[in-house]
Amino acid sequence: MKYIYLRFPEGKPKAFTLSYDDGYIYDLRLADIIEKYGMKCTFNIISVTVTKDWGEEYLTIDQMKSLVKRGHEIAVHGVTHTAN
């Protein structure tokens, strides 16, 4: 049986990942900073903030789209952020 070894880009055996929670507006500045170092990350959003206006504290859909265009990933963190 032939073994198949899955590797990351350029055959690297390990990866370093970044992910940030809740989709706050401050994530835009964070994206600017990590892009300076050639890195990308996943921004996990609270999906209820997409369907309602939760104020200026959270990313808008257009801001999320701009992060995707810049090479980042948007993921769903959950509908709400409850502690139960």
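The values are calculated or read from the model by the stated rules, or taken from the named source; none is laboratory data. What you see is a predicted model; the values in this text were computed from it and never measured. Here the Cβ is made from the backbone with ideal geometry for all residues, glycine too, and neighbour counts use every protein chain on show. Ligands, DNA and RNA are excluded from the accessible area calculation, which covers all protein heavy atoms including side chains. Shrake-Rupley method; radii C 1.70, N 1.55, O 1.52, S 1.80 Å.
For the reader, a short list of remarks on this structure follows.
- Looking across region 55-70, the residues that are open to solvent by 50 Å² or more (accessible area, probe 1.4 Å) and closer than 18 Å to Thr80 by Cα come down to Glu56, Glu57, Thr60, Ile61.
- Residues of region 27-69 satisfying the condition of being under 12 Å from the mean Cα position of the chain (by Cα) and assigned to a strand (DSSP E or B): Thr42, Phe43, Asn44, Ile45, Ile46
- In summary, His77 fulfils each of the numbered conditions (1) under 9 Å from the mean Cα position of the chain (by Cα); (2) surrounded by 13 or more Cβ atoms within 10 Å (Cβ to Cβ); (3) part of a strand (DSSP E or B) with the single exception of condition (1).
- Taking each residue of region 57-80 that is under 12 Å from Tyr20 (Cβ atoms) and looking for partners that are at pLDDT 95 or above and open to solvent by 70 Å² or more (accessible area, probe 1.4 Å) with beta-carbon atoms closer than 8 Å, six or more apart or interchain, yields Ile74/Val68.
- Region 1-26: number of residues that are open to solvent by less than 100 Å² (accessible area, probe 1.4 Å), on the phi < 0 side of the Ramachandran plot and touching a residue at least 24 places away in the same chain (Cβ under 8 Å): 6
- Selection from region 27-54 of residues that are open to solvent by 40 Å² or more (accessible area, probe 1.4 Å) and under 20 Å from Val79 (Cα atoms): Val50, Thr51, Lys52, Asp53, Trp54
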